[in-house]
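Following: one structure in structure tokens, then a few remarks.
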Amino acid sequence: MGADQSVLGPPAPPGSLSDLDVQRLRQDFPILKEKIHGKPLVYLDNAATSQKPRAVIDAISRFYSSENSNVHRGVHLLSQRATEEYENARIKIQRYINAADSKEIIFVRGATEAINLVSNSYGRKHVQEGDEIVVSAMEHHSNIVPWQILCQEKGARLRVIPMNDRGELLLEEYEKLLNPKTRLVAVVHVSNALGTINPVRKIIEMAHQNNVPVLLDGAQAAAHLRLDVQELDCDFYAISGHKVYGPTGIGILYGKADLLESMPPYQGGGDMIRSVTFEKTLYNVLPYKFEAGTPNIAGGVGLGAAVGYIEQIGMENISVREQELLSYATEQVSTIPGLRPIGTAREKAGVLAFVLDGIHAHDIGTILDQDGIAIRTGHHCTQPVMDHFGVPATARASFSFYNTREEVDALVQGLRKVREVFS
Ligand code: PMP
């Protein structure tokens, strides 16, 4: 069933997603009926990528079946239709994050490309020798490496906000890092390795007091929290479509219009120009200045359908449901002997990472997989986080609103089995 015929009808009041609602919503996700090694799929790898509702699958299929054409350049009807669909998706996403204008929504490949766009464009323009970029100790590699590349090129320095053993950033240390040489603060909104929800409003406020812009890596947050970029007052926000029930290969960079206007293009090519001669090129207006080449049109349309689907359920409902699941799972896994949770921040979104005494995370993942339970094991592209906690890897279960208590029970049962195998 697609978003248009939602089982829920109009958005429900916050906190009212019942078990029955969840059972019905699960019907929207065809893959949840899959069997893995003959067992029902228990999908607890949502932080890596979320599953796709029928509304998204259908929107992509409909696009290729009856609207496919290139955008922005055609006078023929099909091209106009494709352009309209693609630009409508941009407006849906603008509303989803409450950006002031749709020109502040740049379609990119995902959070990684969004961050690389800012480091290559804003960073190259504004960062000079001796300047500093501030990141945090819990960043995904995609919010570390682009800044390292920039720092190496410019002779600038990467500074790191430390965290405590719960996985919470130390704001008093952050304050000490901000100084006249700071050019940008780039921090993750919700950590994929720990689940920590960072106090980003405070982080932004403190940076702005020093006239420093802030980029938030929202790859995880966008699926779990209601977003309002104007209320947050962030300068840049990076999102991956595939983590918010949309397709892979599409995401967005939000940027404040005045900042984006002042930035040079990231890539050159078709669509990002107003006119070209061999002597001089004039660039297109926002958002097209940053969208060189034929974009992922069907991806954009699919992402538009995904945010429409989420809005119909209601992000508040999703957040409440996921918090309930996280509390239940945290409580249940604490009964497993030798289990050490990694990431116990007071403010967390649906991530439960842990290690089991003397058992490698990959062995945990492999044994659970035999029972159809999909979790992620490894460093989660956050090697500095693993170093902080002195572990090579963790096992991570990550939740979506479509997960159930029964699935959490299956995880706990699976972990007991892992213990037995290794006892
Ligand atoms: N940041 C965080 C916090 C993430 O969890 C991820 C994906 N694991 C990324 C950035 C990168 O996202 P993508 O690979 O979709 O570009």
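Worth a mention:
- Pairs linking a residue in the range 214-226 that is more than 12 Å from the ligand (Cβ to nearest atom) to a residue that is in a strand (DSSP E or B), with Cβ atoms under 9 Å and 6 or more positions apart or on different chains, are Val214/Leu184; Val214/Val185; Val214/Ala186; Val214/Val187; Val214/Phe236; Leu225/Val190; Leu225/Ile197.
- Among the residues listed as Ala329, Ala353, Ala345, the single one being assigned to a loop (DSSP other than H, G, I, E, B), among the aliphatic types (A, V, I, L, M) and surrounded by 17 or more Cβ atoms within 10 Å (Cβ to Cβ): Ala345
- Inspection of the range 1-22 identifies no residue that is among the polar types (S, T, N, Q) and at pLDDT 95 or above.
- Subset of the range 121-142 that is assigned to a helix (DSSP H, G or I) and within 16 Å of the chain's Cα centre (by Cα) - its residue that is nearest to the ligand (Cβ to nearest atom): Ser142
- Within the range 197-213, none of the residues are crowded, with 22+ Cβ neighbours inside 10 Å, in contact (Cβ under 8 Å) with a residue 24 or more places away in the chain, within 16 Å of the ligand (Cβ to nearest atom) and in a strand (DSSP E or B).
- Residue selected from the range 67-120 under the condition out of contact with any strand residue (DSSP E or B) (no Cβ under 7 Å at 6 or more places or on another chain), among the small types (Gly, Ala, Ser) and outside any helix (DSSP H, G or I), by the criterion nearest to the ligand (Cβ to nearest atom): Ala100
Matching residues to (1) of a type in the set (Gly, Ala, Ser); (2) in contact with a helix residue (DSSP H, G or I) (Cβ under 9 Å, 6 or more places away or on another chain); (3) surrounded by fewer than 17 Cβ atoms within 10 Å (Cβ to Cβ); (4) at positive phi:
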| residue | (1), (2), (3), (4) |
| --- | --- |
| Glu34 | no, no, yes, no |
| His37 | no, yes, yes, yes |
| Val42 | no, yes, no, no |
| Val56 | no, yes, no, no |
| Ala82 | yes, yes, no, no |
| Ala89 | yes, yes, no, no |
| Ile106 | no, yes, no, no |
| Lys125 | no, yes, yes, no |
| Glu132 | no, yes, no, no |
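- Applying the condition of being charged (D, E, K, R) and in a helix (DSSP H, G or I) to the range 256-309 and asking which residue is surrounded by the most Cβ atoms within 10 Å (Cβ to Cβ) yields Lys289.
- Residue in the range 148-165 that is part of a helix (DSSP H, G or I), surrounded by 20 or more Cβ atoms within 10 Å (Cβ to Cβ) and within 23 Å of the chain's Cα centre (by Cα) present: yes
- Matching residues in the range 37-56 - criterion: being within 27 Å of Leu194 (Cα to Cα) and among the aliphatic types (A, V, I, L, M): Leu41, Val42, Leu44, Ala47, Ala48
- In summary, Arg226 fulfils each of the numbered conditions (1) of a type in the set (D, E, K, R); (2) closer than 21 Å to Asp101 by Cα; (3) in a helix (DSSP H, G or I) with the single exception of condition (3).
- Applying a threshold of 7 Å to beta carbon distances and a minimum spacing of six or more residues, or different chains, the list of pairs starting in the range 379-393 at a residue that is under 20 Å from Glu168 (Cβ atoms) and ending at one that is in a loop (DSSP other than H, G, I, E, B) and of a type in the set (S, T, N, Q) reads His380/Asn192; Thr382/Asn192.
- Evaluation of His189 against (1) touching a Gly at 6+ places or on another chain (Cβ under 6 Å); (2) within 16 Å of the ligand (Cβ to nearest atom); (3) over 22 Å from Phe290 (Cβ atoms); (4) of a type outside the set (Gly, Ala, Ser) (one fails), failing number: (3)
- Selection of the range 168-192 for residues being part of a loop (DSSP other than H, G, I, E, B) and either in contact with a Cys (Cβ under 8 Å, 6 or more places away or on another chain) or surrounded by fewer than 24 Cβ atoms within 10 Å (Cβ to Cβ) (or both) yields Glu168, Leu170, Leu178, Asn179, Pro180, Lys181, Asn192.
The values are calculated or read from the model by the stated rules, or taken from the named source; none is laboratory data. Keep in mind it's a predicted model, so treat the numbers as computed, not measured. Using ideal geometry, Cβ is built from the backbone for each residue, glycine included, and neighbour counts are taken over all protein chains shown.
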